[in-house]
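Accompanying notes for the structure given below.
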Amino acid sequence: MGFILMLIVGGLIGWIAGGIVGKDIPGGILGNIIAGIVGAWLGSLILGDWGWHLGGIAVFPALIGTIILVALASFIVGKLRKK
């Protein structure tokens, strides 16, 4: 049950981060889940493991890490499309 909850929380965090940045994450639901989990890892590396935990994910560092990840990915994709 913990793994399923982690996937759900990762998807929600990816969806919220995409809404904050104003960019859609490619891949739909699967892209949101991947971005949320990778963003949680990135956020825990940068900010540590603090705050409210849900499904084994520290929510605030995960959200900040996912926002950074989505902004960086949209910047790179935007630059590649201009070529």
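Computed from the coordinates by the stated procedures, all read-outs in this text should not be read as laboratory data. Remember, it's a predicted structure, so these values are computed and weren't measured experimentally. Please note: Cβ atoms are built from the backbone with ideal geometry, for glycine as well, and neighbour counts cover all protein chains shown.
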Those residues of the stretch 54-68 whose amide nitrogen sits under 15 Å from the label point placed on I8, 7 Å along Cα→Cβ: 54-57
For percent of Cα pairs over 23 Å apart, the listed values are [x] 64; [y] 46; [z] 17; which was obtained by calculation from the structure presented? [z]
Where does each of 54-63, 35-44, 73-82 land if you order them by average Cβ count within 10 Å, highest first? 35-44, 54-63, 73-82
Compute the helix-to-body angle for 2-21: its Cα long axis versus the longest principal axis of the chain, expressed 0 to 90° and rounded to tens. 40
Taking Cα atoms, the helix 59-82 axis meets the longest principal axis of the chain at an angle in degrees (rounded to 10) of 20
Crossing angle, helix 28-47 versus the chain [Cα axis fit, 0-90 degrees, rounded to tens]: 70
